[in-house]
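A short write-up of the structure that comes next.
Derivation of every value follows stated rules applied to the coordinates shown; laboratory data play no part. Computed from a predicted model, the values in this text were never measured in an experiment. Note: ideal-geometry Cβ built from the backbone for every residue, glycine included; neighbour counts use all protein chains shown.
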2 protein chains.
Amino acid sequence: MSESVSGQSQGGIAVVPPAAPTTPRDPRSFVSHAYEERTADLGEIVMNYAETGSPANPALLLIPGQTESWWGYEKAMALLAADFHVFAVDLRGQGRSTWTPGRYTLDNFGNDLVRFIATVIKRPVIVSGCSSGGLLSAWLSAYALPGQVRGTVWEDPPFFSSETTPLVGQSIKQAIGPVFKLYATYLGDQWKIGDWEGMKKAAAADPLPLLRGIPFAAEPPQNLLEYDPEWGRAFWEGTVARNCPHETLLAQVKTPVLLTHHGRFVVPDGGRLLGAMSDLQAAKVQDLVKAAGQRIEYTSLPTAAHAMHNADPKTFADLVTAWAKGLA
Amino acid sequence: MSESVSGQSQGGIAVVPPAAPTTPRDPRSFVSHAYEERTADLGEIVMNYAETGSPANPALLLIPGQTESWWGYEKAMALLAADFHVFAVDLRGQGRSTWTPGRYTLDNFGNDLVRFIATVIKRPVIVSGCSSGGLLSAWLSAYALPGQVRGTVWEDPPFFSSETTPLVGQSIKQAIGPVFKLYATYLGDQWKIGDWEGMKKAAAADPLPLLRGIPFAAEPPQNLLEYDPEWGRAFWEGTVARNCPHETLLAQVKTPVLLTHHGRFVVPDGGRLLGAMSDLQAAKVQDLVKAAGQRIEYTSLPTAAHAMHNADPKTFADLVTAWAKGLA
């Protein structure tokens, strides 16, 4: 009986004196990478980042996506180093940056980056982000301090599809959301649960082909070990964008944009979205940016992987480099 | 029948071509004040502020509370000008600063202030805020950029009592919340409704003595005309602090604190809180700040008005001035 389990049937109320608070154990372990890692104290978080290229070249800020860390850009950084002064960061809850329970929102991620640009990069920057990092590239275009951002690349960003009540098209529930919910449930906020085997079993038995099709490894991969699964819960529950409606953000974009749109497919039976955005959602993104008076270049790459910067770094680096040459 | 009213019984679906978007009319009107008003473009918002005193003196940032604008500090500014370089601001949704529908959160209010300190004040500052502004004074102590804040005064801040699921004591529903809900309902987001008479009638007929007791004027007062009632909805619905739990913030306070606690009363029948915090809530605030390793001076002023800085500016100015002398 649940009463027995919870102790509610034991009778009376036993007042237990409070224990001294303990600092939660950080379960992360890390590996070394091709670039030296540095840190910046931004107030609430310490941000981890890597840097390459010459300060004589234009500054370029790279923002990874959900379940990725800065080193997802390692191969692209080697290609971009000749033309840019490159900074690749870990957001809060990613990589070696601070985990912030209860505080994963687009606005908090974005304001960390405003502080990073102001105190580390210290000059106008071109920004490129993938997936959630693409949303943040757009966020910076709309909401950064005046003069901080020269132009923004949005690499396959989940506009509308990562909201719970989107203006147009599939919601998070009808897109990648169930995967994030799976992570959040079986790995837990800050990996408090960490039931990798239970997660694989649940996915294999799920009615949704999306979950049954995930090729899970025997052990958690390094990128997931560095990821706070509470990110996933914040997306699934909608708190990440609750006070940052995508259409409000897009209506305030203030810089030129390069939008790349990778592989996507709408399942005819049920209408679920596989991929970051439907064509309808990508069209609405462009409409809103144009209505804001900004130039947006749209590149459809239907055979590209979601994290093209990692799967095909040359195509990614060539696109960013060519587009950046056209910026004022 | 509702089907007739909504048109759903008319048969078929009539596709209406989209109208050109129109910019919503800003319903605000303003009056002049004793200090010149200036503005700072912070990216998303233009912040309105007033300034007095000499740059040779310590910088002091004053943050008004909900339904107040910067000029609530006018009388206090005259008293503080001899000892401080004083900046009094309008937050987003207050006074002449930009209204930001859908985007009223402690984190967004706070990050506007981080930007204001970085780009306008440009040196370490003492912060004093009242009510919601007191929460933001605490927010800056916890989350501002390193070195921005020297010390913080929290004038009767609604810790815990302005959350929907507080760690301790009364929630917003058991405190001032119904007043904010009333404003939000009858005035509407951005004053879209503006039914002052309807609001008065609803308050007069409400079962809650709190609402029946409000001494509404015949016409909306200037401070409310400058206030976006969506603030009230954000507090009532809890979105303002949804991703900024008060106990998480308090555990990260990084500067000395002066906490003043004004008139408060817990109604024996029902346990409602009249005032900003119960004694229990104020005690928990102090526990958490001390556990964070910071000095907190607590001053109980049970006969003081909530906005003491306006009702009794001399007591306020004397307290702040004396306490500031003890700061490093």
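Numbers for the structure displayed
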| quantity | calculated |
| --- | --- |
| The range B:96-179: trypsin sites (Lys or Arg not before Pro) in DSSP loop, at most 14 other beta carbons within 10 Å | B:Lys122 |
| Distance (nanometres) between label positions extended 7 Å along Cα→Cβ at A:Val46 and A:Ala328 | 4.0 |
| Ratio of the Cα radius of gyration of the protein assembly as shown to 2.2 N^0.38 Å, where N counts its residues | 1.00 |
| Rounded to 5, percent antiparallel among DSSP beta bridges of the protein assembly as shown | 30 |
| Folded to 0 to 90 degrees: helix A:106-116 orientation relative to chain A principal axis, Cα | 60 |
| Per-residue mean of C-beta atoms belonging to partner chains within 10 Å, peptide A:43-49 | 3 |
| Three-way shape call for the range A:237-287 based on the alpha-carbon gyration tensor, with the a/c threshold at 1.5 | oblate |
| Size of the range A:124-257 as Cα extents on the principal axes (Å, biggest first) | 49, 31, 23 |
| Euclidean distance of C-alpha centroids, the range A:294-319 and the range A:210-247, integer Å | 22 |
| Positive-pole candidate from B:Met77, B:Thr239, B:Leu113, dipole of chain B, charges at beta carbon | B:Leu113 |
| Inter-chain shielding of A:242-255 (mean C-beta neighbours from other protein chains, 10 Å cut-off) | 3 |
| Where rotation carries B onto A, the chain B residue whose Cβ is nearest that axis, in whole Å | B:Asn111, 2 |
| Debye intensity ratio in log₁₀ form over the Cα atoms of the range B:65-181, taken at each q of 0.11, 0.14, 0.20, 0.22 Å⁻¹ | -0.38, -0.62, -1.23, -1.42 |
| Computed magnitude of the charge dipole of chain A (debye, nearest 20; Cβ of K, R +1, Cβ of D, E -1) | 480 |
| Rg followed by Dmax, in Å, when the range B:109-166 is reduced to its Cα trace | 11.6, 37 |
| Mean-position separation - Cα centroids, the range A:65-83 and the range A:145-196, in angstrom | 20 |
| Unit charges on C-beta of K, R, D, E only; dipole of the range B:35-180, Debye | 220 |
| Unit charges at the beta carbon, dipole of chain B: most positive-side option, B:Pro124, B:Ser32, B:Ile176 | B:Pro124 |
| In degrees, nearest ten, helix A:132-143 long axis to first principal axis of chain A (Cα) | 60 |
| Among the listed pairs A:Lys173/A:Lys201; A:Lys254/A:Lys284; B:Lys284/B:Lys314; B:Lys122/B:Lys254, those beyond 26 Å (Cα-Cα) | B:Lys284/B:Lys314 |
| Pairs of alpha carbons in the range A:56-131 whose separation is greater than 15 Å (percent) | 56 |
| 0 to 90° range, to nearest 10: angle between helix A:313-324 axis and chain A longest Cα axis | 50 |
| Residue-averaged beta-carbon neighbours from other chains (10 angstrom radius) around B:140-148 | 3 |
| Rg ratio (alpha-carbon, reference 2.2 N^0.38 Å) - chain A | 1.04 |
| Copy-to-copy label separations for B:Pro124, where each label sits 7 Å from Cα toward Cβ, in nm and ascending | 3.4 |
| Ratio of the Cα radius of gyration of the range A:189-312 to 2.2 N^0.38 Å, where N counts its residues | 1.29 |
| Sum of side-chain charges, B:Trp323 neighbourhood, beta-carbon under 14 Å (Lys, Arg +1; Asp, Glu -1) | -1 |
| Inter-copy spacing of A:Gly12 label points, which lie 7 Å from Cα along Cα→Cβ, given in nm from shortest upward | 7.7 |
| Peptide ranges B:222-232, B:154-164, A:286-296 listed from the most packed, as the mean C-beta count within 10 angstrom indicates | B:154-164, B:222-232, A:286-296 |
| Dipole in debye (nearest 20) - the protein assembly as shown, about Cα centre, beta carbon charges: Lys, Arg +1; Asp, Glu -1 | 320 |
| Inter-copy separations for A:Asn223, label at 7 Å along Cα-Cβ, nm, ascending | 5.3 |
| Charge-dipole axis of the range A:190-321 as Lys and Arg at +1 and Asp and Glu at -1 on Cβ define it, positive-most pick from A:Gly270, A:Ala204, A:Ala282 | A:Ala282 |
